[in-house]
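Visitor: There's a structure below that I have some questions on.
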Amino acid sequence: MPGRIQSIERAAAILRLLSGRSRRLGVAELAGELGLPKGTVHGILRTLQIVGFVEQDNDSGKYQLGAALLHMGSSYLDGNELRTRALNWADALATQSGESVRIGTLHENQVLIVHHVFRPDDSRQALEVGSLVPVHATALGKALLAHHRYLAAEVAAKALPSYTPGTVTDAYRLRRELDEVSERGWAGEVEELYQGVASIAAPIDDRRRVIVGAMGISGPVERMCEQRRPKAELVRYVIEGARAVSRELGAIPW
Amino acid sequence: MRTRSGRYVASIDQGTASSRCLVFDDRARIVSVAQKEHRHHFPRPGWVEHDPQEIWGNVLTVVAQALEKADLSPSELCALGITNQRETTVLWERRTGAPVHNAINWEDTRTDQLCRRLSREFGQERFRAKTGLPVATYFSGPKVRWLLDHVPGLRERADEGKVLFGTIDSWLIWNLCGRHVTDVTNASRTLLMNLHTLSWDDELLDMIGVPRAMLPEIRPSSEIYGEAGDALAGVPVASVLGDQHAALVGQTCFNPGEAKCTYGTGSFLLLNTGERPVTSDSGLLTTLGYQLGAGRPTYALEGSIAITGALVQWFRDNIGLIGSAPEIETLAATVQDNGGCYFVPAFSGLFAPHWRSDARGVIAGLTGYINKGHLARAVLEATAWQTLEVVEAMNADYGSRLAELRVDGGMTANNLLMQFLADVLDVPVMRPIVAETVSLGAAYAAGLAVGFWPDMSALKRNWHKAAEWLPTMDRAARDKNYRKWKKAVARTVDWIDEDD
């Protein structure tokens, strides 16, 4: 198509990758993600560094968004900011589904729980905000991994710990599942982290169409599933809830 | 017994910054929300006004929008409830319904001199004994007097009942149903109503200089006042509650000893004290909780903390160390504790329980070790310590200790703050699943009046815990921290001089 400048498109793609994560990326990782030669990526990064859009971390040599870009108002979404914006919708999801709700973001190869709403039955529960859960064994994790495939590959390359007989420990199986998750827009987990517990989650994206987190519900298998598959009605509530949060963050509703 | 077949209740929440309409179903779930902000006018420093017609227009708009979003017609509403920013004062012509002046906001301080004069002339105690309130610029009575003194020809017309006074609720009901009424909670913020008789008090009217002819009829908070005309064709207007009182109802604090704190720009702690008004020796306000139906009213003790969320906004806008309010938590989380520094935000003096208008803000305990994380932490902790001071005053006045605190409002999204609050108060802190307790309270009161909900137990059953924070701080650490906080507070007073 005439009029499109390839190096700018590639620079934009690099910035998008750097803005969707909570960690830094090296040349090899970026090149791998974009399917470009390392030299090409390195050249673009150098220019981005000069204009201040990208900074290099001295210790690791990896790249992150630079101050100049952050000051333009496009800093990554702070977990506390996400919680504040999602509060009403998370409450509504808990009321609608009758189950506990959690919102998570990616944090160093795990899911950080940034918000937790109790199951609305006034039973004794402990607030899990701040806890970390595995990416491959939770619906929240899978919803996030499906949109961060490089991280998924990295996670799968190491041994995947098993928590129950149902935990996905095989890299190939995980990849296939993530394909499904990304296609249908939601992730499920049935007795893969705790026996007797199932969860459903959907991704949350923001104004830049970057996946900034995931929201999901979690409860006993008997209530959450029908014939070991998450109930369609509950899946719908979760998808709608995540969509509502995305709309709140400025993503164009789809 | 339901007189209408509607399955929903709508709540108008006319607040300081905006007007909102929320529609609820019978399980207290929010079906739709519409919101519209209105302008603040600042004709002079310390003066804050609104245009009453703009507010009325916005209310109609948000009601229409909320119905439209939910694809509902007014006939599907069982009732309409009203909750409002308290104390803000409106005066209008009886015949035409036209306002004679902008509404004077509760934050407006033009009545400062008048209040001091009233205090000198009659003594604070006389007002407090009858109304439970100190003579302060917040309250409507002095604002009415100011208008009567400063708008030419107004006093004569007011004496004849040609000009009417109302807080925002009365203004809205006048426009909705053509009736001039208010409820006990709003009336209790005027300095003109006797707390014990729940009626306008001749002595108070005389001292403040406001004619009875311009006052609305005082009614319970939950009752059918009339039917909304025009676009809302016949929907019963069935509740009126000042916003903090509505939150008490929304949190279903129906038993004596139950308390809620709403954490917003400023925060308000209300404790249900049952059927008797409790005098405060600690600088708290004795006020109405609510009056649902024709039964006995429920009283409350109120402690207001002027600067809580506003401090975070100041930190964001004036100091610029954070880009958004939620980021305060991120910044505060970069350190383990306050590093020994304490922030007492006495921006306009100290309020409950100290009431020192000569105090101004202080950050104490600074050393070369302190960084922006510690400052952010101190900003958040200020809210918790101020809450503790109010709770201790309440425990002393009421005669028994608070067992748990129900919270609501924007700042409950801040986990660090909520946990610290539980640590400092040493009681469980819990947040309900419906965060919109103010609107919900008005909806509950309206629903009760029309039989949409049968009784208060049904409302209690709708209350579910969304989160709970349990105390974890050890006694010694807490006591030491509190001691330092009190030292910081002591350093705020005696700042303002005569010539300031």
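Visitor: Measure off 7 Å from each Cα along the Cα-to-Cβ vector at B:Asp499 and B:Val151, then give the distance between these two points in nanometres to one decimal.
Guide: It is 4.0 nm.
Visitor: By how many degrees, 0 to 90 and rounded to 10, does the Cα axis of helix B:437-450 deviate from the longest principal axis of chain B?
Guide: So the inclination is approximately 30 degrees.
Visitor: Based on a Kirkwood Rh over C-alpha pairs, give the Stokes-Einstein translational diffusion coefficient of the protein assembly as shown at 20 °C and viscosity 1.002 mPa s in µm²/s.
Guide: Translational D for this selection: 77 µm²/s.
Visitor: When Cβ neighbours within 10 Å are restricted to other protein chains, what is their mean count per residue of peptide A:82-92?
Guide: That average works out to 5.
Visitor: To test your reading of the geometry: what angle, between 0 and 90 degrees and rounded to tens, separates the Cα axis of helix B:415-425 from the longest principal axis of chain B?
Guide: Once rounded, one gets 80 degrees.
Visitor: While we're here: How do A:8-16, B:472-480 rank on mean C-beta neighbours within 10 Å, highest first?
Guide: A:8-16, B:472-480
Visitor: Loop-only trypsin sites (Lys or Arg not before Pro) in the range B:376-454, please: DSSP not H, G, I, E or B, and at most 13 other Cβ atoms within 10 Å.
Guide: Within the range B:376-454, the qualifying trypsin sites (Lys or Arg not before Pro) (loop, at most 13 other Cβ atoms within 10 Å) are B:Arg401.
Visitor: Using the C-alpha atoms of chain B, what convex hull volume per residue, in cubic angstrom, is computed?
Guide: Values: hull volume 70.5 nm³, N = 500.
In chain B, the Cα hull volume divided by residue count equals 141 Å³.
Visitor: How much length is gained on full extension from A:Ser162 to A:Ser131, taking 0.36 nm per residue of separation minus their Cα-Cα distance?
Guide: 9.3 nm
Visitor: Taking the Cα centre of the protein assembly as shown as the origin and placing charges on Cβ (Lys, Arg +1; Asp, Glu -1), which of B:Val312, B:Ala187, B:Ser324 is farthest toward the positive end of the dipole?
Guide: Checking the options against the dipole of the protein assembly as shown, the answer is B:Ser324.
Visitor: Based on Cβ point charges of +1 for Lys and Arg and -1 for Asp and Glu, what charge dipole magnitude is obtained for the range B:206-261 about its Cα centre, in debye rounded to the nearest 20?
Guide: Dipole magnitude for the range B:206-261 comes out near 120 debye.
Visitor: Can I ask one more? Please sort by residue number the GluC sites (Glu not before Pro) in the range B:124-177 whose DSSP state is loop and whose Cβ has at most 14 other Cβ atoms within 10 Å.
Guide: Here the GluC sites (Glu not before Pro) that fit, given the DSSP loop and packing criteria, are B:Glu160.
Visitor: Which one, B:Leu72, B:Gln85, B:Leu118, projects farthest toward the positive side of the charge dipole computed for the range B:67-195 from Cβ point charges (K/R +1, D/E -1)?
Guide: Of the listed residues, the answer is B:Leu118.
Visitor: Counting partner chain Cβ atoms within 10 Å of every residue's Cβ in B:25-32, what's the average?
Guide: Neighbouring Cβ atoms belonging to other protein chains average 1 per residue here.
Visitor: Still on this structure: So what is the 222 nm mean residue ellipticity for the protein assembly as shown from helices alone, if each DSSP H run of at least 4 adds -39500 (n - 2.57) and you divide by all residues, rounding to the nearest 500 deg cm²/dmol?
Guide: -11000 deg cm²/dmol
Visitor: In whole Å, what is the distance between the alpha-carbon centres of the range A:217-244 and the range B:440-477?
Guide: Going from one Cα centre to the other spans 27 Å.
Visitor: Which links in B:Lys260/B:Lys484; B:Lys69/B:Lys460; B:Lys143/B:Lys260; B:Lys260/B:Lys465; A:Lys142/A:Lys231; B:Lys260/B:Lys460 stretch past 22 Å when you go from one Cα to the other?
Guide: Violating the 22 Å limit, Cα to Cα: B:Lys260/B:Lys484; B:Lys69/B:Lys460; B:Lys143/B:Lys260.
Visitor: Only bridges with both residues in chain B count here: give the DSSP antiparallel percent, nearest 5. Walk me through the intermediate numbers first.
Guide: Values: 53 of 75 bridges.
In chain B, DSSP labels about 70 percent of beta bridges as antiparallel.
Visitor: What's the angle, to the nearest 10 degrees (0 to 90), between helix B:168-177's Cα axis and the longest principal axis of chain B?
Guide: Taking Cα atoms only, the helix is inclined about 30 degrees.
Visitor: Per-residue mean of other chain beta-carbon atoms within 10 angstrom of the beta-carbon, peptide B:461-468?
Guide: The mean count of partner-chain Cβ atoms within 10 Å per residue comes to 6.
Visitor: Report for the protein assembly as shown the percent antiparallel among DSSP-assigned beta bridges with both residues inside it, nearest 5.
Guide: 80 percent
Visitor: Compare the peptides A:232-239, B:58-65, B:384-391 by average per-residue count of other Cβ atoms within 10 angstrom and give them in order, highest first.
Guide: Ranked from most to least packed, the peptides come out as B:384-391, B:58-65, A:232-239.
Visitor: If you take the charge dipole of the protein assembly as shown about its Cα centre, with +1 on Lys and Arg Cβ and -1 on Asp and Glu Cβ, which of B:Pro220, B:Ile173, A:Gly196 is farthest toward its positive end?
Guide: So the residue furthest toward the plus end is A:Gly196.
Visitor: Suppose every K and R has +1 on its Cβ and every D and E has -1 on its Cβ; what is the size of the dipole of chain A about the Cα centre, in Debye to the nearest 20?
Guide: 680 debye
Visitor: Order of B:162-172, B:290-300 by packing, highest average Cβ count within 10 Å first?
Guide: Ranked from most to least packed, the peptides come out as B:162-172, B:290-300.
Visitor: If you take every residue apart from B:Ile322 with its C-beta less than 11 Å away from the C-beta of B:Ile322, what net charge results, scoring Lys and Arg +1 and Asp and Glu -1?
Guide: -3
Visitor: For the range B:329-417, compute the orientation-averaged projected area of the C-alpha convex hull (one quarter of its surface), in nm². Show your work: numbers first, answer last.
Guide: On the way: hull surface 27.9 nm².
For the Cα atoms of the range B:329-417, the hull's average projected area reads 7.0 nm².
Visitor: Using the crude model of +1 on Lys and Arg Cβ and -1 on Asp and Glu Cβ, and no other charge, please compute the dipole size for the range A:141-197 relative to its Cα centre, in debye to 20.
Guide: 160 debye
Visitor: Also: Starting from the Cα of A:Glu180, step 7 Å along the direction of its Cβ; do the same at A:Asn58; then give the gap between the two resulting points in nm.
Guide: Using points 7 Å along Cα→Cβ, the separation is 4.9 nm.
Visitor: For the pair A:Val221/B:Trp47, report the inter-label distance in nm, with labels modelled 7 Å from Cα in the Cβ direction.
Guide: According to this spin-label approximation, the distance is 7.2 nm.
Computed from the coordinates by the stated procedures, all read-outs in this text should not be read as laboratory data. In this text the structure is predicted, and so the values were computed from the model without any measurement. So basically every Cβ, Gly included, is an ideal-geometry build from the backbone, and we count neighbours across all protein chains shown.
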